[in-house]
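First comes the structure, then the notes that go with it.
What follows is calculated from the coordinates using simple rules that are stated; it is not laboratory data. Since the model is a prediction, treat every value here as computed from it, not as a measurement. We place every Cβ from the backbone using ideal geometry, glycine too, and count neighbours over all the protein chains shown.
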Amino acid sequence: MSSRINIEKVTTNVKKVLMIAAENDAIKGAKVGGMADVIRDLPPALAKVDVYVDVAMPNYGFIAKDNNADFIAKVVVKFGANLETIDVYKIPAPYLTASDSQAKNSQAQNGQLTSSVYLFDHHFFNSPDNQVYTEGCADRPFAEDATKFALFNLAVAQAYVDGVIKPVDTLHMHDWHAGMLVMLRAFAPEYAALKGIPCVFSIHNLALQGIRPIRDDVSSFTAWFPELSRLLTQEQKAQICDPRYPHCINPMKMGIELSDKVHLVSPTYANEVLMPSDHQNGFFGGEGLEGSLQDKHHRGDIVGILNGCVYDESNSKSNTKVERIKAIKPVTTKDISQVFEGAQQAVIKWLGKSEWIKSVDQIALSRLQILTTKQSKPSTECDFLMTSVGRLTDQKVLLLRQPHANSGSSSSANSSSTLQALLDNLKQLKPKAVFILLGSGDKQIAAEFQKVGANNDNFVFLNGYDDALSSTLYQFGELFMMPSSFEPCGISQLLAMKHGQVCIAHGVGGLRDTIADKQNGWLFEGNNLQHQSEQLLLVMKNALSLHNDKAAEYLSMRQSASEVRFTWHHAAKQYLSKLYGE
């Protein structure tokens, strides 16, 4: 393929960055996890420190149409045995306001201060239900998605050297989905010009790595890049192969080994990933890639920068922006009634999207109707809400699934769980309290929580996601549960704290960096899964006892939580100085 552009640095007092990512919550339908929040919130913060971000992402079959995108080019690449044509569309960055993109100097006149989203369209990138990721088979994990992102990465590289994408100062790749672009930059002769552009690789979740075979599968390295696979030296192959499965390539490892800097989304997580994981004892660290991360760390190329959160702002008399800190008030029964009503509306919407009524939704709706009726009677109304919002994965809820230490059984299928013990303690200390858990994901976890929901009148399990409902839960809960086994940064605890809800969280990753134990929340630890679960229950008892016995002190903790600020502006300044070479 031809390389028509003369790749050079942008020669202005501003910087241009191209981010390559699978998700972007600035665009409807393009969010799955926390990465999407970062791609939504970080670029506008960077614009305020003169870093302007373009984003490249797959179109997924619907984004260009839904956003009236402009078609700008076709890109042709050799992928496997075929020539594939990818259409490229462009839309203005949806996250920049007119004032953000306003010219700051004379260079603005040639468009160097504008930001865009480049959308790459090919049938490999589409799914029948317009989903970002494909649910693969257990015996071929990541097969469809790895092929999709291999072609996407190749198309982005070609679009850059063809001049379809404007020159930038830095390439910034996010998670394994962009790892093969780092590899192409390092090893593919036709993209050697990309080596002149500094490359940053951000890790949002090290547990997902996109591992695929080297050969003997239609979704394999040699199937995607047959010519390149023959050119690689043994040393180069070692840089892209998984250390545990030498017959497999690892896109996450590619990004770590072959980028200039590796960014982790909190300082504590940046230290945790340098140590080997010990899953049996509840520690999630380097997930097999600690060797590569340690090498990078020894060279000074590992950077931990905490993600930010968006806070309400208003203009002061000096026209500078200040955060509005509101006095936190006790949650009322009227507030709780609003939560129940919002939850019912969310479940009804979910029911309307399906031809069949799912038992989990029927159980939740029935429970909510009973609770709503009780709210009309002062003697039975709910007076305390404990909440949790998050994906149903073992990362988030493994501890809740652990057999309770006093159950007398080592089998989680035949014993009481930590979740059940938690609900029992809640019933004892707060007889009229309710725990609402909102989340979707793993079907087995959902089935377990469905049974718990059917057997406990103080637990509502909502198997789905709804933006309005999640906001209501953050706003009107008084105790937020976040027992993640690992948490690279976490956004749920920041959203809960912003609204004055204190959190109980495992003292790992970004949770440790954002929650001050016994000041604006509670942290628990433990040297194995059982110990961690025991400490979770103990801390919850202490929190509920404080609310019962010292309500003013508990309210003061809620106020402290609401006043904490982890701003994207602060994070953006660190990106500029530590990642983009201020």
Task: Listed residue (523, 440, 483) projecting farthest to the positive dipole end of the stretch 333-564, Cβ model - done: 440
Task: Of the DSSP H helices in the chain, those whose Cα atoms cover at least 27 Å axially and whose Kyte score averages 0.5 or more - done: 143-161
TODO: Kindly give the semi-axes, whole Å and largest first, of the ellipsoid equivalent to the stretch 223-365, taking each as the square root of 5 times a Cα gyration tensor eigenvalue.
DONE: 45, 28, 18
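What is the magnitude of the charge dipole of the chain about its Cα centre, with +1 placed on the Cβ of each Lys and Arg, -1 on the Cβ of each Asp and Glu, and no other charges, expressed in debye to the nearest 20? Let's see the in-between values first.
Values: 56 positive and 61 negative charges, 190 e Å.
Taking the Cα centre of the chain as origin, the dipole is about 920 debye.
What's the extension gain from residue 144 to residue 357 if we count 0.36 nm per residue and subtract their Cα-Cα distance? Could you put the intermediate results ahead of the total?
Numbers: separation 213, 0.36 × 213 = 76.68 nm, distance 3.00 nm.
Difference between extended and current length: 73.7 nm.
Taking every DSSP beta bridge with both residues inside the chain, roughly what % is antiparallel (nearest 5)?
Values: 23 of 71 bridges.
Among the beta bridges of the chain, antiparallel pairing accounts for roughly 30 percent.
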Open item on the list: I need the Kirkwood Rh of the stretch 151-253: take the reciprocal of the average 1/r across all distinct C-alpha pairs and report it in angstrom.
Closed with: 14.2
Task: Most positive-pole-ward Cα, 532, 67, 149, against dipole of the chain from beta carbon charges - done: 67
TODO: Evaluate the distance, in nm, between pseudo-label points positioned 7 Å from the Cα of residue 338 and of residue 455 along their respective Cα→Cβ axes.
DONE: 3.5
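Using a simple charge model, +1 on the beta-carbon of Lys and Arg, -1 on the beta-carbon of Asp and Glu, nothing else, what dipole does the stretch 327-453 show about its Cα centre, in debye to the nearest 20? Write out the running numbers ahead of the final one.
Details: 16 positive and 10 negative charges, 30 e Å.
Once rounded to the nearest 20, the dipole reads 140 debye.
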Task: Descending semi-axes in whole angstrom, ellipsoid equivalent of the chain, from the Cα gyration tensor - done: 42, 27, 23
Open item on the list: Relative contact order for the chain: what percent, with Cα pairs under 8 Å and sequence separation of 6 or more?
Closed with: 12
Task: Column: log10 I(q)/I(0), Debye, Cα scatterers of the stretch 333-564, q = 0.08, 0.16 Å⁻¹ - done: -0.26, -1.16
Task: Per-peptide average of other Cβ atoms within 10 Å, ordering 558-571, 141-154, 485-498 highest first - done: 485-498, 141-154, 558-571
- [ ] Give a residue-ordered list of calculated ³J(HN,Hα) values for the stretch 200-212 (Karplus: 6.51 cos²θ - 1.76 cosθ + 1.60, θ = phi - 60°; whole Hz; x for Gly, Pro).
- [x] 10, 10, 9, 10, 9, 8, 6, 5, 9, 10, x, 5, 9
- [ ] Have a look at 375, 495, 183 and report the one farthest towards the positive end of the charge dipole of the chain, computed about the Cα centre with Cβ charges (Lys/Arg +1, Asp/Glu -1).
- [x] 375
- [ ] Return the distance in nm (one decimal) between the two label points of a simple spin-label model at residue 76 and residue 227, each offset 7 Å from Cα along Cα→Cβ.
- [x] 1.3
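Strictly greater than 18 Å: what percent of every Cα pair in the stretch 25-87 meets that? The partial results should precede the final answer.
Working: 1032 of 1953 pairs.
Tail fraction, whole percent: 53.
For the stretch 333-564, calculate the relative contact order in percent as a whole number, restricting contacts to Cα pairs under 8 Å that are 6 or more residues apart.
Working: 391 pairs, mean separation 47.1, N = 232.
Once normalised by length, the contact order is 20 percent.
So what is the orientation-averaged projected area of the stretch 434-527, using the convex hull of its C-alpha atoms, in nm²? Don't jump to the answer; show the numbers that get you there.
On the way: hull surface 26.6 nm².
Directional mean of the projected Cα hull area for the stretch 434-527 stands at 6.6 nm².
Among DSSP bridges having both ends in the stretch 330-487, what percentage is antiparallel? Round to the nearest 5. Can you show the working numbers first?
Details: 1 of 14 bridges.
Of the beta bridges lying entirely in the stretch 330-487, close to 5 percent run antiparallel.
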Task: Under the Karplus curve 6.51 cos²θ - 1.76 cosθ + 1.60, θ = phi - 60°, whole-Hz ³J(HN,Hα) for the stretch 500-513, x wherever Gly or Pro sits - done: x, 9, 6, 10, 10, 9, 5, x, 10, x, x, 5, 5, 7
